[in-house]
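Asks: I am attaching a structure below and will ask some questions about it afterwards.
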Amino acid sequence: DDAHQHRREYQIMYAEAERVKKEDLSLLEIKSSSIHGRGVVLTRPVKQDSSVGVLYYEVVGDNEDRVQIEEGYWHARGYITDGGMIDRRHMSVKDAITRCDELPDCQGITFEDPDGLFSNAHSKLPSILVDVEFKDKNHFGTDPQDSWQSFLKQQENLDALYFPLGCSSSFLPNPPPSSLDPILMLPCWPRYNNHSCDPTAKVVKVPVEDSFALPGVPWKRVVGAYQVVLLKDLDEGEEITLNYEALPNYMLRRVEGVEKCNKLHDEL
Ligand SMILES: C[S@@+](CC[C@H](N)C(=O)[O-])C[C@H]1O[C@@H](n2cnc3c(N)ncnc32)[C@H](O)[C@@H]1O
């Protein structure tokens, strides 16, 4: 059956994740959460400032869906998430990119493209006018319908991902199917961290050894690991939560229905 099939595929991938991350997984448990669905809780008390493991690794310049087509901008199929709009104009995308360059806080532009005219990153930019939103942030979400497009101002570290091999959303849909065995899912605990505006943990970027390589993609340069560090002493059974809005770019996709912390921004 379906759950059994999943189980076998995932077992192999998660074993690999576990091998590379070398975490003490006995510290963590995936359990039903009072916030939403399942969450990550501690199996024993842990002190403030301790790290419980790596949420993500950051790699430089990796994402098949993002192709650089305009100087200094990445084309991304998907949208820049809610909030942070500094301007909105009906104009061509080429003009919008020029305008974004001139606006001091502009980090990128995003617009609806229901007919997919812009979805081929390799073709010349269509000159039609679209409703462009100018954003002062580039938190990015992919769009299953492929009806939004964005151009993001190029940055030093373009990407953060935590596991190409077992836990990335290409293997493990978001949210993960609830049929999956929580014990089996433990190496992918980062996929179970719930959001809170009053979180119990934050991420801290630490360097990795030069020789560090991710399984399956050894050629990718890993520039850092984001550890989950507790903001206070926590007891056994307490949930590890993160403020999604405070996470670095690209770490979490747009999430519907979660509490907004930066409310003022979102009203614009
Ligand atoms: C990384 S997963 C967290 C695991 C999730 N609870 C589950 O059972 O699969 C992120 C998803 O959890 C939900 N979520 C996380 N924090 C939430 C919150 N504070 N309020 C409502 N939903 C939340 C959202 O649906 C979000 O897309």
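Asks: Once the piece of chain linking R89 and S147 is laid out straight, how much longer is it, given 0.36 nm per residue of separation minus the C-alpha distance between them?
Replies: Using 0.36 nm per residue and subtracting the Cα-Cα distance, I get 19.1 nm.
Asks: Quick one: order Y73, Y56 by neighbouring beta-carbon count within 10 Å, fewest to most.
Replies: In increasing order of surrounding Cβ atoms, one gets Y73, Y56.
Asks: For I97, I86, what's the fewest-to-most ordering of other Cβ within 10 Å of each Cβ?
Replies: Sorted ascending by nearby Cβ count, the order is I86, I97.
Asks: In terms of Cα to Cα distance under 16 Å, which lysines are near enough to K205, apart from those fewer than 8 places away along the same chain?
Replies: K21
Coordinate-derived values only; no laboratory data. As the structure is a computational prediction, the values presented were derived from the model and not from experiment. Because the Cβ atoms are built from the backbone with ideal geometry, glycine has one as well, and the counts that use them run over all protein chains shown.
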